[in-house]
Protein chains: 2
Amino acid sequence: MKLVARIVSVCVSAVAAAFVVSTLALAETDPLPSWNDGTAKQAIINFVQATTDKASAKFVTPEERIATFDQDGTLWVSHPMYTQVVYCLDRVPEVVKARPALAKVEPFKTVLSGDREKISKLSINDLLRILEVTLSGMSVDAFRIDVQKWLDVARHPRWERPYTELTYLPMIELLRYLRSNGYKTYIVTGGGQDFVRAYAEKVYGVPPEQVVGTAGGTSYGYDKYGHPFLTKEPRLLLNDNNAGKPEAIHLMIGRRPYAAFGNSTGDREMLEYTKAGEGERLSMLLLHDDATREYAYGPALGLPDTKVGALTQALYEEARRQGWIVISMKNDWQHIFAFEK
Amino acid sequence: MKLVARIVSVCVSAVAAAFVVSTLALAETDPLPSWNDGTAKQAIINFVQATTDKASAKFVTPEERIATFDQDGTLWVSHPMYTQVVYCLDRVPEVVKARPALAKVEPFKTVLSGDREKISKLSINDLLRILEVTLSGMSVDAFRIDVQKWLDVARHPRWERPYTELTYLPMIELLRYLRSNGYKTYIVTGGGQDFVRAYAEKVYGVPPEQVVGTAGGTSYGYDKYGHPFLTKEPRLLLNDNNAGKPEAIHLMIGRRPYAAFGNSTGDREMLEYTKAGEGERLSMLLLHDDATREYAYGPALGLPDTKVGALTQALYEEARRQGWIVISMKNDWQHIFAFEK
């Protein structure tokens, strides 16, 4: 064996050995360490293996690998109130400063009173009016900065931690696991698209262009220096709930997802649409059944319904019937939050 | 030197040498071979080098690298009629078969007559009515398949070639050059989003989720077997022209582009919005000034205006004033179509 041939042979062997070692390491590393062994975890792993194995009849080409996640109650805590609603209520004093006449009319009068009991009883229409007023009238850039500043200081009343720490660790692992297998991960939220985009890249690793949400129109205009900018308008363009989810998925993505994750009636059509596609599809429904570590609610558990994140008995039964995999927070998750560890 | 150390040293040298060779090869290969040397080509190369060089003050992080392209008249021929309008006119007989009453009313009567003279004189409102009727009522999947079938058989009257061969080779090279430098390339078209998505991946390498266009609503429903699907509705959701372009860019992408390419008044705001961003930004305006190889039109050339792809004198002057780079088809492009070579 000549010297060059020997060197090449040794190089090739070294590279091959390194490859074998890293493959073994990968196989031995659990991609979902916060998940307990069980049906849910196994379903995820089976799905990923089947759709990424070229030899499998269920193989999905990389460009078709789309996974969509609801946010509130699926990626982070949505109790006792949607985080965005808390943000909007907190914004009321500033909005009233700019528009003092609002201080004398409902529902702003109630919000300004600070009476938690009364605030918690505001109607859906009152809330919509608050959202409309507090989420419009500023530039899209000013809005993003304001949300980011608020998230830095706001704290969840129960855990006294930033809302961005109340993301579910098992879901963060799932997002990463899917991405490391070539899936593009999207958030498809009933929450405001601009609100979620302000932190999704930092918190979930999901860039703005992969956040689909309820969205209002914007209008193009100029500042006093003639520089163009976009202003948020109080005009609803997309209501990203229920049938609005598959409709927005078509508008914003243009492909049917291969995997979808939700937790409430607002996610029903997205889970149904995903599962109804050809080939291997994964739809998963997260059950909030852990009163100790998080919350337990919904008629599916024989518990009273709540204002937010409703999981009805009908949806629970549909999950079973349609082959969606139910995730039990209590049984399937070893840890819920990163700060627990 | 011990054997292992020597082998490692040789391996490292071999890898380093391979790297140097490939870097040189890259530097020597012109990424834009169909572009003549000149201001336009140099502006593109300078922009890419400045924004991808970590040592440059103009460096742009990979996730921020967004480039947006108008389609009609920017990526492919839009004369003598927008391709999508030709498609819609061709679809009229089929639509009338399903809805016979339309045969007796205008503008469908004129379209069915086949009288080219009269068809070319249809008003904008007539055309909008034709678009509304021919682009709705079917499922999104059926529509995509129909567009793909049509593109297989339809031919451009001048070149007698499929429309998908009438893409501009220099722009295809530009799309690839930007992508190979970490840019996400988007199409932002006044044309129909679903129409362009039917072929953009194959023709431009742009996936559906990176095609933003004029879009109608869809509605979620079920077929007789209970399978969910989306139907295209005659309800305008996004008019992706003029100010609608930056507005749609915000809705669908959520970031201001670093580079934008257009050719007509419909692209004005997109070019303006892009160029007005902080740091290094590139806005380019394509001038159709090649009557021999393509077309020459627009008041910017002292030529009569046309129904489609208008480049007004005002826009041309604005380009000069705002520092947008004007691309002359005649002078900057060595080849226009791939089939010329």
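The values are calculated or read from the model by the stated rules, or taken from the named source; none is laboratory data. Keep in mind that what you see is a predicted model, and the values were worked out from it rather than measured. With ideal geometry, Cβ positions are generated from the backbone for all residues, glycine too; neighbour counts draw on all protein chains shown. Please note that ligands, DNA and RNA were not included when accessible areas were found on the heavy atoms of the full protein model with its side chains. Shrake-Rupley method; radii C 1.70, N 1.55, O 1.52, S 1.80 Å.
Give, ordered by residue number, each residue of the range B:204-241 whose 1.4 Å probe accessible area is reduced by a minimum of 30 Å² on adding the remaining protein chains to the chain alone. At a threshold of 30 Å² (probe 1.4 Å), the residues of the range B:204-241 that become less exposed are B:PRO208, B:GLU209, B:THR218, B:TYR220, B:TYR222, B:PRO228, B:LEU230, B:LEU237.
Against chain B, whose longest principal axis comes from its Cα atoms, helix B:169-180 is set at around 50 degrees. In this structure, the residue pairs whose Cα-Cα separation is over 23 Å, taken from B:LYS121/B:LYS245; B:LYS184/B:LYS275; A:LYS104/A:LYS232; A:LYS149/B:LYS184, are B:LYS121/B:LYS245; A:LYS104/A:LYS232; A:LYS149/B:LYS184.
Loop-located GluC sites (Glu not before Pro) in the range B:155-186 (DSSP state other than H, G, I, E, B) with a sparse environment of at most 16 neighbouring Cβ atoms within 10 Å: B:GLU160. Inter-chain neighbour count for A:273-284: the average number of beta-carbon atoms from partner chains within 10 Å of each residue's beta-carbon is 1.
Relative to the longest principal axis of the Cα atoms of chain B, helix B:124-134 runs at roughly 80 degrees. Chains A and B together bury some 3400 Å² of accessible area, summed over both sides, with a 1.4 Å probe. The calculated Kirkwood hydrodynamic radius for chain B is 22.1 Å, given to one decimal from all distinct C-alpha pairs. Compared with the rule-of-thumb size 2.2 N^0.38 Å for a compact globular protein, the range B:183-231 has a Cα radius of gyration ratio of 1.40. Its relative contact order, with pairs defined as Cα atoms under 8 Å and 6+ residues apart, puts chain B at 21 percent. The label-point distance for B:ASN331 and B:THR29, in a model that sets each label 7 Å from Cα toward Cβ, rounds to 3.1 nm. For the protein assembly as shown, give the share of DSSP beta bridges that are antiparallel, in percent and rounded to the nearest 5; count only bridges with both residues there. Given both bridge residues lie in the protein assembly as shown, the antiparallel proportion sits at roughly 35 percent.
Sorted from closest to farthest, the other copies place their B:ASP30 label points 5.8 nm away, with each point set 7 Å from Cα along Cα→Cβ. Taken over the C-alpha atoms, the range B:120-210 has Rg and Dmax values of 15.2, 45 angstrom. Taking the DSSP beta bridges with both ends in chain A, the antiparallel portion is around 35 percent. Not counting the cut sites, what is the longest span of chain A without chymotrypsin sites (Phe, Trp or Tyr not before Pro) that DSSP labels loop and that have at most 16 other Cβ atoms within 10 Å? My reading of the result: A:226-341 is the longest stretch.
Ordered from largest to smallest accessible area (heavy atoms of protein chains, 1.4 Å probe), the residues B:SER136, B:SER34, B:SER180 come out as B:SER180, B:SER136, B:SER34. Using DSSP, restrict attention to beta bridges with both residues in the range B:163-234 and report what percent are antiparallel, rounded to the nearest 5. Of those bridges, close to 55 percent are antiparallel.
Taking only alpha carbon atoms, the protein assembly as shown gives an Rg to Rh ratio of 0.99, where Rh is the Kirkwood radius.
Taking all protein chains into account, the per residue accessible area for chain B stands at 46 Å² (1.4 Å probe).
Taking the dipole about the Cα centre of the range B:27-181, with the C-beta of Lys and Arg at +1 and of Asp and Glu at -1, give me whichever of B:LEU135, B:TYR82, B:PRO162 is farthest to the positive side. Going by the Cα projections, it comes out as B:LEU135. Note: the range B:181-312, Cα convex hull, 160 Å³ per residue. With label points set 7 Å from Cα along Cα→Cβ, the inter-copy distances at A:ARG320 are 7.6 nm, sorted shortest first. Residue order by solvent-accessible surface for B:GLU280, B:GLU209 is B:GLU280, B:GLU209, largest first, with ligands and nucleic acids left out and a 1.4 Å probe. In terms of overall dimensions, the range B:105-171 has a Cα radius of gyration and Dmax of 14.7, 44 angstrom.
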